[in-house]
Amino acid sequence: MKLLGAMMQIKRPRFYSDSNNSVPSEKSPPVSIPADISGEMLDLDEDDDLEVFSKGTSLTDGNSLNPSTQTSPASMINQYKFQEEEEDADAKDLFVTVDNPESHVTAIETYITYRVVTKTTRSEFDSSEFEVRRRYQDFLWLRGRLEEAHPTLIIHPLPEKFVMKGMVERFNEDFIENRRRALHRFLNRIAEHPIFSSGDDFKIFLTAAPGELISHKKQGAGFLSRMGETVRAVAASVRGVRNRPDEFTEMLEYSEAFSQKISALHKVTQRISKEQREYLEELKECGPTLALWSSCEEALAEPLRCMADSLDRCCQETEEQLKHINDELIPDLHEYVLCTDTLKAVLRRRDNIQADLEAKAEALASKKTERESIRDELEKLEDRQEWANNALRSDWTRWKKIMRTDLQSAFIDTADNNVKYYEKCLAIWESFLHSQRAEAEGNKNVDYS
């Protein structure tokens, strides 16, 4: 039986959250992180906890799909309809905050955990507030389970694993803060999603005690099962699809074009940041030079000191502008650079599902025996294909709207920051000009006779 008639009949409110609006926890004070704990760490290969953003977070890159989710009319993808209109902010009933990082040094490893605070009014939760600690491996597990259950839904990217060991100080404050922001954003994206936020895995991630979470993680597919899915995915990729629908070909072309544009913008912005940093370092040398000069040039002492002060104030404003670029704009762009990999992976998994369906249809046409069993499998694959297409079609529209809103907001914030920066610098130099012109006019009226 087809799922088309059952797809997306029941509406569920769409929730939005912003990292700045998340409800904070007041339970425990922040735990300070030493600026450099490298002397306390073992030299270990800790790929599971060293990351900035993640491009590949699952062994399954193909057909992995929860059978109960893909074909059952009770599947969440059939129960909830993606909404294109924004709901009133008052409808939001799930707030998640990632904060308070803590370092842990044991005899065998060094890692960071983060506090995850959840406040909710949803009836499926046993309490209105939860507080747990999670490490990167746990976030990675959550994303993998979501991908396994919903292979053609677009999952927000995780911070990628840190691989350039020795090049950057591990676990310094900037690295930890960047990671925390990325993980916070990841969880809030999941909380905003009408399908992901209603799953058992997400609920367990937010509420389970460490022992309970470990036990639940062991219930997933084993290594051999995951490897089998990977092999089947590779085989489907090799076969390819013969008749991909035009709309999904257009999605793939859009993903390629978007990837090129956002990657180019990201690289240019990084280059601007580097040049701005170099400019700032040069600018910082001017003030002390002018101040030193003023001590031995009595006639120019006052303008030199004013010039040095103006340059120092401009340095402070330039540092603030550079901080916005590095802390806000570049991470926003990098996030969508990684999203392009997610989009391509989702489209590839959809193609793999179609390739399975086409292969089974060929088998049915060529075999005279076992036709009944093959026909049953074919019907299931047809349902699976229909489920995958509808899921991707709806989530694609949702993702594009969120992407455009995010990037527009990032560009507006950057423009506003630049206007304020130049206005402040303009005010500094106008003040300098006013003082110097007044002094010059006074000098003209001095009688040197």
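Could you please state how large a percent of the accessible area of region 91-220 is carbon and sulfur, counting protein chains only and using a 1.4 Å probe?
Carbon and sulfur together cover 51 percent of it.
Can you give the accessible area of HIS104 in Å² (nearest 10), computed on protein heavy atoms with a 1.4 Å probe?
50
For region 91-220, just list the percent of Cα-Cα distances falling in each 10 Å bin from zero outward, please.
Calculated P(r), rounded to whole percents: 11, 43, 35, 11, 1.
Within 10 Å, count the other beta carbons around each residue, average over each peptide in 185-193, 94-102, and list them highest first.
185-193, 94-102
Any chance you could check the Cα centroid distance between region 266-307 and region 132-161 for me, in angstrom?
What the calculation gives is 46 Å, centre to centre.
Sequence gap at least 6, Cα distance under 8 Å: using those rules, report the relative contact order of region 247-444 to the nearest whole percent.
27
So how exposed is ILE272, as accessible area in Å² (1.4 Å probe, rounded to 10)?
Here the accessible area works out near 80 Å².
If Lys and Arg each add +1 and Asp and Glu each add -1, what is the summed charge of the other residues whose beta carbon sits under 11 Å from the beta carbon of PRO210? Let's see the in-between values first.
Numbers: positive: ARG133, ARG134, ARG135, LYS217; negative: ASP138, GLU212.
The answer is +2.
Per residue, how much accessible area does region 247-444 show when a 1.4 Å probe rolls over the protein heavy atoms, in square angstrom? If you can, show how the numbers build up before the last one.
Details: 10860 Å² over 198 residues.
Accessible area per residue: 55 Å².
Round to the nearest 0.05 the FRET efficiency obtained for GLN316 and THR289 when R0 = 22 Å and r is the Cβ-Cβ distance.
0.80
Tell me, what is the per residue accessible area of region 91-220 in Å², probe radius 1.4 Å?
38
Note down the Stokes-Einstein diffusion coefficient of region 269-345 in µm²/s, whole number, using a Kirkwood radius over alpha carbon pairs, 37 °C, and 0.692 mPa s. The partial results should precede the final answer.
On the way: Rh = 14.8 Å.
Here the translational diffusion coefficient equals 222 µm²/s.
Quick one: with all protein chains in place, what share of the accessible area of region 247-444 is carbon or sulfur, to the nearest percent (1.4 Å probe)?
Roughly 53 percent of what the probe reaches on region 247-444 is carbon or sulfur.
Taking Rh as the Kirkwood radius computed over C-alpha pairs, what is the Stokes-Einstein D of region 247-444 at 37 °C in a medium of viscosity 0.692 mPa s, expressed in µm² per second? Numbers along the way, then the final one.
On the way: Rh = 22.2 Å.
The Stokes-Einstein estimate is 148 µm²/s.
The values are calculated or read from the model by the stated rules, or taken from the named source; none is laboratory data. Everything quoted here is computed from the prediction, not taken from an experiment. Backbone-built Cβ (ideal geometry, glycine too); neighbour counts: all protein chains shown. Keep in mind that these areas ignore ligands, DNA and RNA; they rest on the heavy atoms of the full protein, side chains included. Shrake-Rupley method; radii C 1.70, N 1.55, O 1.52, S 1.80 Å.
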